[in-house]
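Worksheet: one structure, shown below.
What follows draws every value from the coordinates through simple rules; no lab data is involved. Keep in mind that what you see is a predicted model, and the values were worked out from it rather than measured. So basically every Cβ, Gly included, is an ideal-geometry build from the backbone, and we count neighbours across all protein chains shown.
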Amino acid sequence: MYRNSEGYTDLTAGEAIERADRPPHAVKQVIYILRLIASLAGMEIVGRITLKDKETGRVWE
């Protein structure tokens, strides 16, 4: 639960921050496909997957 600088609950700001930090659908799809490919090859991804958007430069971990 997000609290503002005065300590009060701020649901609107908390929800906005949560949505801004959430990875886009395309990032979720790429991670799903990578895990599926590894599974089909009889392997699994053990570590974190880091992706970088070429257009925006934003890094998703």
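If one puts a single equal scatterer on every Cα of the chain and applies the Debye formula without solvent, what log₁₀ I(q)/I(0) results at q = 0.21, 0.27, 0.30 Å⁻¹?
-0.87, -1.08, -1.19
Show the residues, 5+ positions off or on another chain, whose built amide H is closer than 5 Å to the amide H of D10.
Y2, R3, N4
Could you list V59, V46 so that the one with the fewest beta carbons within 10 Å of its beta carbon is first and the one with the most is last?
Result, fewest neighbours first: V46, V59.
Nearest 10 degrees is fine. How inclined is helix 25-40 to the longest principal axis of the chain, computing both from alpha carbons?
Value to nearest ten degrees: 30.
For helix 11-21, what angle does its Cα long axis make with the longest principal axis of the chain, in degrees from 0 to 90 and rounded to 10?
Roughly 30 degrees between the two axes.
At 222 nm, what helix-only mean residue ellipticity would the chain give, in deg cm²/dmol to the nearest 500, using -39500 (n - 2.57) for each DSSP H run of four or more?
-14000 deg cm²/dmol
Taking Cα pairs under 8 Å and at least six residues apart, what relative contact order does the chain come out at, in percent?
Normalised by residue count, the contact order of the chain is 18 percent.
Among the trypsin sites (Lys or Arg not before Pro) within the chain, which fall in a DSSP loop and have no more than 13 other Cβ atoms within 10 Å of their own Cβ?
Passing both the DSSP loop test and the Cβ count: R48, K54, R58.
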